[in-house]
Structure formats: C-alpha cells, structure tokens
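Trainee: Have a look at this one.
Read-outs: derived from the displayed coordinates by stated rules, not from any lab. Since the model is a prediction, treat every value here as computed from it, not as a measurement. Note that each Cβ is placed from the backbone with ideal geometry, even for glycine, and that neighbours are counted across all protein chains shown.
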Amino acid sequence: MPLLEVHNLVKNFGGLKANDDISFTVEKGELIGLIGPNGAGKTTLFNCISGLHPVSSGRIVFDGEDITSLKAFDIARRGMARTFQVYVASGDLTVIENVMVGAFMHTRLRTAARSRAEEILSNLNLAELTGYRVSELPVAAQKRVTMATALATGPKMLLLDEVAAGLNPSEVDEIMSGIRHVHNDMGITVMLIEHVMELVMKISDRVIVLDYGQKIAEGQPRQIAGDPRVIQAYLGERYVREHSQELT
Amino acid sequence: MEALKSAFDFSDFPRSDLFVAGALVVLLLVFPLFPHSAFAMATVIQFFIFSLYGMGWNTIGGYGGQVDLGKAQYVGIGAYTTAVMLIRWDIPFWVSMPVGVCLAVAWSFVIGFPLFRLKGHYFAIATIATSLVLKDLFEVWDFVGAARGLEISPIKYTPPDFLRLIFREDIYYYYVIFAFFLIGIFYINWFRKSRLGFQLRAIKDNESVAQSLGINVHLAKVKTYAIATAFVSVVGSFHACYIKNIEPEDTMSLNISILIALMAMLGGAGSLWGPIIGAGILIPLKSYLKEWLGATAGLVGIDLILYALIIMIISATEPRGIWGIVERLRRRKPN
Ligand SMILES: Nc1ncnc2c1ncn2[C@@H]1O[C@H](COP(=O)(O)OP(=O)(O)O)[C@@H](O)[C@H]1O
Ligand SMILES: [Mg+2]
C-alpha cells in the first residue's frame, strides 16, 4: 500500500487552474523530487496535501485514510509534516522553543518535549544554535530549524518546500546531508520541491515534474533529466536550443 | 505535579530579576504595616487589580498576539454575578466568584468561537463591540439595577466578613488581592511554559505553520480566551466587594478595556513581568493625574491623551514594550 495517493487533484484559484488533474503515488521510504518552473503549482500541491487549501476536486489518501477534507492540524497529527517556502520568523521563540512546539504534538510534558527537541537538534547538527532566537539567525539556519521543528512532530512523511533556495553551495551540502539523514536514518518518506536541480537529481529516487499545473513527467532522475518536454518546460526553449548537442 | 513544579520554577530568569522581584514582593508585603495614606493604599490595590487584569489579557493578547479590547465585559460579568448573588440571596464571595467565572467563560465561548474566525484588527474591533453590547444590555436590565447599578451596603454585614469579603479597612482587601496577585504570577509562570503557551506563541508567529505542526489554532485561541476571561472575572468579583458600588458605566466602560490592554503592552506583551510593570507605571500615574488634575475642568480627558501617546511610542519604538527594551539591552547577539 502506498503511503500517499493523490487522485485527480484539481485546485482552482478563481479561473486559474493551479493544480490540474494531478495523480501520483508515493511509496513508504521513497524520496520524491517535485520540480517545475516558477508558478507551476508545486507549493499549491503541498498546500492541498497538507490541508491548508481545500481542494477543488480529487482525492488524497494518506496511510490508507482519505484525508481530502481533513483540517491541516488533523493531517499533521496523522503524520504529515511540512516546511514552508517562505518562512519569516517574527516571534521571540528561540530555536529550542521552536522545535519544542513540534515536539508538543505528542506530549503535554515540557520535559519530554524539551528532551525530544534537544535530540533532534543534535541529530541535525544544530545543537549549538539552541539558545538563539529563530529570527536572529541567517536564512539557511532558519530553514534547518524549521525542518527540525517539522521532524519533532514525529512524521511518517515530510514535505520540504525549497529548503535549499537561496543558500550557498556549502549550505546546500549541509541541508542535503540533513535530508539524507532524515530519509536514510530516520526512515521518513520525503517529498521535496527544489529549484537547485543537482540537489533533486542527486538525491531523489523518483522525480515528478509539474508545468502550468499539470504533471508533465514522472520517473527516475536520469530519465527526467533527458526528457525534452521537461527540459523545455523547466529550462526554456533557449536552453534546449543551446544545449541540443549535449542532450542527444 | 510537573505543572506545580513548573509554576514555582523561575530558573530561566537571571538572578538579578528574581532578586528585584523578591524585594518588591517583600516591600508589598510589609507596606500596609507602615504609616501610609488611604490614597496610597487604594492605589496599590488598584495596581494589584490591574496587574491581574493585565496578566489575564496577556495570555491571549500577549502570548497569543490576539489584541483583545473587550475585557471590561468580563469584569462586568464577575462583578455583577457577585453583587447580585450577595444582595439578592446573601451568597458569599467564595461561591459567587466561581459562578461568575463559569458564566464569564460560557459567554467567552459564545463570542470566542465566532470572533476567532476574524483576524487582527477585525478581531479587536469585534471584541469592543461585544463588550459595548453587553454594557448596554446591563444598563437597561432591571434585575441588575439597570443604569443605576448595584450597591452593596456594608451595614447589613459585620465586617470583617471573610466569607462575603466585606471589610471596613482596606488592609483586608489589600492582602486578599495580594494573594490573588501571587497566585496569578505562579499561574502565568506555568502557563507560559505549558503546551498551550508554546502553541500560542507559535500561532502568534505564523498560523499556517502552527496548523502544520498539529495545532488546532481556533481551539487554542478559544481556550486561552477562556483563561484570560477567568482571570478578569475573578478580579471583577473582588472589585464588586471592594468598591461596593458597581454601574455599567464605570465597571464595563471601554476605558477599562483599553487600559487593560495598554498596560500589558506598555510593560511588555507576551512576557511574565510585562503586565505588572505596565500596571506599576500606569496605575499610579493615572491615580495621581486624577488626584491633581482630574478635578480641574477640561482636563478630564488627559488620561486618554496619555494613552494615545503611549500607544504611539510603543508601536514606533519597541512593540514588546518596556520588557522588550530590557531584554534587548541584555541580549548578546550572535557573532
Ligand atoms: N492563495 C492563492 N491565491 C491565488 N492564487 C494563488 C494562490 N497560491 C498560488 N496561486 C497561484 O497559483 C499558481 C501556482 O503557484 P505555486 O503553487 O506557488 O507555484 P510554485 O510553487 O510551483 O512556484 C501561481 O500562478 C500562483 O500565482
Ligand atoms: Mg513554490
């Protein structure tokens, strides 16, 4: 049984079809990359899966249960965690407190939440940030903290929305090893949206490509990288023309 | 058990804070034993009353970031419940106070469930509106004395009456409300570290993120609003026994609601000491302004001007109020 099934998902914003009849499944333990040009509908898809947006039509099944009409917090409690593409920490929560909010999903006890948060921070090599306010940290660190917070809820599946965007290469490496740890060592199924192509291609088991709200391709990273439709959608026609020799 | 331990655990504050707090508590404890004016006594009692209102407000308004400008309606429910039950049926404070809390909390659910569908300014305005509606209702409701209000006549009782909280000397009221004040501090100290406290801070930060962390945002707000309400209602009940003369116009005025929110914001919304600092500054200021200038014609509105000024200064300089400034000065920045 797949962990996540998305059947014919449609999401309209007024006249705009942000997600147009999207179907796919994710098996337990997979690491799925979700790519596509800006505005393709990737974030919208995450918002629908995680329950922040009501879907216009279609069905979402998570771990054998239909979650299509559940509220976001209910879906989170069933083991679906996520991060946000645009995250602005404005409050006064410190890093450890922020991660504790996630840990509080399964316990009322502050001591239990705290030790769980500490464990996750050290697993993600973030222990030295513990006492800082999230809002004081550079973006790269903030993104890793939000990942830690999502993980603190003890999810079965983690949706990562552009955690590597805007980071420098060494920061990208750090976050990548974080994602590998989550996937390999913690055994969490991961779906990640990423603009940094090499990152997606390097670590994904399978890649799904969206364009104008539609799923235009799905397959192994190698197949996807060579798919002219994908290259055209994702990189534009100019790129295809300029690199046509390499591609063939 | 863990909750109790947490309530008495202030170890995340620097020693210097605890020393100052301890010294102030001792000072307040012995203050009535030294010669003092009735005016000073009344001012400190008002300080306790408004600190408690502010602590209540701070749960939803400070930690939760939901600016509530309608706390006076719950002062009214507490005060009227206690006054009506005492005057009509001779029911003592210690019974009427929890009844008042139940009624106030029930009312908070009635308005909390729909109002928390609103965001930001709309929520603030809606709380003002419900409070004014309730006040208008009380002004025409004969059962609670309509616009004349209710008067508790101390002659009928033999003070000191600890059951009905009817005293002749203010010193009794002083120590009763002081006890509530300390309980309030311990409660908030637990609250801010509780799961609900963390959830609220996450909600204040970002509601979508909070949802995605399994937090039922709407329910968390409604629950916290009920806690804030309970605080205010308890003190409202006390207020009735202490003032003995309650009218919708004083007890439930918009002024009270604004003053409660303002004090907490001035002192530091979302911090344990904020509302106390705010009350410690504004209450004496207000009392003295009224004493010195209030009688002078034309200057009655001076406190309103002052409030407006304070709001502007806070929002322009440090949204986290005086406590925010203290923390900023104290904080070591990374790198
Ligand atoms: N809340 C919203 N209301 C209206 N339109 C939206 C909303 N969210 C996204 N859109 C639109 O849906 C389309 C897909 O956006 P998005 O899912 O954010 O794309 P991506 O994450 O792939 O860059 C865009 O045209 C965007 O403007
Ligand atoms: Mg996006």
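Trainee: Quantify how strongly other chains surround peptide B:150-157 by giving the mean number of their Cβ atoms within 10 Å of each of its Cβ atoms. Present the calculation step by step, with values, prior to reporting the outcome.
Mentor: Numbers: counts 0, 0, 0, 0, 0, 0, 0, 0.
For this peptide, the per-residue mean of nearby foreign Cβ atoms is 0.
Trainee: Report the Cα centroid-to-centroid distance between region B:70-91 and region B:119-140 in angstrom, as an integer.
Mentor: Their Cα centres are 18 Å away from one another.
Trainee: Have a look at B:Trp273, B:Trp141, B:Trp323 and tell me which one the Gaussian network model of chain B (Cα, springs below 10 Å) gives the largest fluctuation.
Mentor: Per the Cα network of chain B with a 10 Å cutoff, B:Trp141 tops the list.
Trainee: Where does helix A:110-123 land angle-wise versus the long Cα axis of chain A, in degrees 0 to 90, nearest 10?
Mentor: Taking Cα atoms only, the helix is inclined about 50 degrees.
Trainee: Here is a further query. What's the center-to-center distance, using Cα atoms, between region A:178-216 and region B:209-223 in Å?
Mentor: Cα centroid to Cα centroid, the span is 29 Å.
Trainee: In addition: Rounded to the nearest 20 debye, what is the charge dipole size of region A:86-154 about its Cα centre when +1 sits on each Lys and Arg Cβ and -1 on each Asp and Glu Cβ?
Mentor: On the way: 7 positive and 6 negative charges, 39 e Å.
Value, rounded to 20: 180 debye.
Trainee: Using 14 Å as the cut-off for backbone N distance, which residues of region B:249-267 belong to the label zone defined by a point 7 Å from the Cα of B:Phe13 along Cα→Cβ?
Mentor: Correct set: none at all.
Trainee: Less than 19 Å from a label point 7 Å out along the Cα-to-Cβ axis of B:Ile155: which backbone N atoms in region B:165-189 qualify, by residue?
Mentor: B:166-169
Trainee: Filter chain B for me: DSSP H helices, axial length by Cα at least 27 angstrom, mean Kyte-Doolittle hydropathy not below 0.5. List them by residue number.
Mentor: Length and hydropathy pass: B:38-57, B:93-115, B:120-140, B:170-191, B:217-243.
Trainee: Could you tell me how many degrees, from 0 to 90 and to the nearest 10, lie between the Cα long axis of helix A:169-180 and the main elongation axis, the longest principal axis, of the Cα atoms of chain A?
Mentor: Rounded to the nearest ten degrees, it is 80.
Trainee: Give the angle, between 0 and 90 degrees and rounded to the nearest 10, that separates the Cα long axis of helix A:228-242 from the longest principal axis of the Cα atoms of chain A.
Mentor: For helix A:228-242, the angle is close to 70 degrees.
Trainee: What residues qualify as long-range amide H neighbours of A:Lys28, i.e. H under 5 Å apart, gap of 5 or more or another chain, H built at 1.01 Å from N?
Mentor: Those lying under 5 Å, H to H, from A:Lys28 are A:Leu3.
Trainee: Name the residue from B:Phe10, B:Ser37, B:Ile277 whose Cα lies farthest towards the positive end of the charge dipole of region B:2-332, charges +1 on Cβ of Lys and Arg and -1 on Cβ of Asp and Glu.
Mentor: Ranked along the dipole, the leading option is B:Phe10.
Trainee: List the pairs from A:Lys215/B:Lys221; B:Lys135/B:Lys290; A:Lys28/A:Lys71; A:Lys71/B:Lys119; B:Lys204/B:Lys244; B:Lys156/B:Lys223 whose alpha-carbon separation is above 30 Å, in the order I gave them.
Mentor: A:Lys215/B:Lys221; B:Lys204/B:Lys244; B:Lys156/B:Lys223
Trainee: Taking the Cα centre of the protein assembly as shown as the origin, how large is its charge dipole in debye, to the nearest 20, when only Lys and Arg (+1) and Asp and Glu (-1) carry charge on their Cβ atoms?
Mentor: On the way: 52 positive and 52 negative charges, 127 e Å.
Once rounded to the nearest 20, the dipole reads 620 debye.
Trainee: Looking at A:Val207, A:Val230, A:Leu3, which one has the Cα that reaches farthest to the positive end of the dipole of chain A (charges on Cβ: Lys, Arg +1; Asp, Glu -1)?
Mentor: A:Leu3
Trainee: In deg cm²/dmol, rounded to 500, what helix-only [θ] at 222 nm does chain A give when every DSSP H run of at least 4 residues adds -39500 (n - 2.57) and the total is split over its residues? It would help to have the intermediate numbers written out before the result.
Mentor: Details: 10 runs with 95 residues, N = 248.
The helix-only estimate for chain A comes to -11000 deg cm²/dmol at 222 nm.
Trainee: Any idea which of A:Gly91, A:Ser56, A:Ala113 is furthest toward the positive side of the dipole for region A:1-124, if Lys and Arg beta-carbons carry +1 and Asp and Glu beta-carbons -1?
Mentor: Towards the positive end, the residue furthest out is A:Gly91.
Trainee: Additional query: Aspartates and glutamates within cross-link reach of A:Lys202: Cα-Cα under 12 Å, excluding same-chain residues under 8 positions apart?
Mentor: Partners found: A:Asp173, A:Glu194.
Trainee: Can you compute the charge dipole magnitude of chain B about its Cα centre, using +1 on each Lys and Arg Cβ and -1 on each Asp and Glu Cβ, nothing else charged? Give it in debye, rounded to the nearest 20. Could you put the intermediate results ahead of the total?
Mentor: Working: 27 positive and 22 negative charges, 217 e Å.
Here chain B has a charge dipole of around 1040 debye.
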